[in-house]
Amino acid sequence: MTMPSTLCPCCRRPKGRGKYLCAGCWGVLPGFTRRALNRRDSRAHPRLRELHRQLAAGVPLSEIRVSP
Ligand SMILES: [Zn+2]
């Protein structure tokens, strides 16, 4: 992990512990992306990597999608 877990990887503002993004950025993600990211199953970590890869690539939050 290259980013402190307490900062939003998108806007660098503080986020809740255990949350992927701050509340503001989370609310901009498409609903199906939020639902997929909320599933804490064996695919949760690969999904998080997909999210971070797209954030690093500059994909708009509203267009980010991860594996179901
Ligand atoms: Zn944010």
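State in Å² the accessible area per residue of the chain; use a 1.4 Å probe, count heavy atoms of protein chains only, and round to the nearest integer.
Heavy-atom SASA per residue in the chain reads 66 Å².
Given charges of +1 on the Cβ of Lys and Arg and -1 on the Cβ of Asp and Glu, with all other atoms neutral, how large is the dipole of the chain about its Cα centre, in debye to the nearest 20?
So the magnitude is around 200 debye.
So, in Å, what gap is there between the alpha-carbon centers of the range 16-35 and the range 37-68?
So the two Cα centres are separated by 10 Å.
What value, in deg cm²/dmol to 500, does the helix sum -39500 (n - 2.57) over DSSP H runs of n ≥ 4 give at 222 nm once divided by the residues of the chain?
When only DSSP H runs of four or more count, the value is -10000 deg cm²/dmol.
Can you tell me which of 57, 44, 36 moves the most in a GNM of the chain? Springs connect C-alpha atoms under 10 Å apart.
57
If contacts are Cα pairs under 8 angstrom and at least 6 residues apart, what is the relative contact order of the chain in percent?
It rounds to 28 percent for the chain.
Quick query: amide H of residue 7 versus all other amide H atoms, modeled in the peptide plane; which residues come in under 5 Å with a sequence gap of 5 or more or a different chain?
Amide H neighbours of residue 7, under 5 Å, 5+ apart: 15.
Roughly speaking, what % of Cα-Cα pairs in the chain are separated by over 18 Å, rounded to a whole number?
I get 29 percent for the Cα pairs in the chain exceeding 18 Å.
How long is the gain from residue 44 to residue 19 if the chain were fully straight, where each residue apart is worth 0.36 nm and the alpha carbon distance is subtracted?
On the way: separation 25, 0.36 × 25 = 9.00 nm, distance 1.25 nm.
Extra length from residue 44 to residue 19 when fully extended: 7.8 nm.
The values are calculated or read from the model by the stated rules, or taken from the named source; none is laboratory data. Here the structure is a predicted model, which is why all the values come from computation and not from measurement. As a convention, Cβ positions derive from the backbone with ideal geometry for all residues, glycine included, and neighbour counts pool all protein chains shown. Just so you know, the surface numbers come from the protein's heavy atoms only, side chains and all, with ligands and any DNA or RNA stripped out. Shrake-Rupley method; radii C 1.70, N 1.55, O 1.52, S 1.80 Å.
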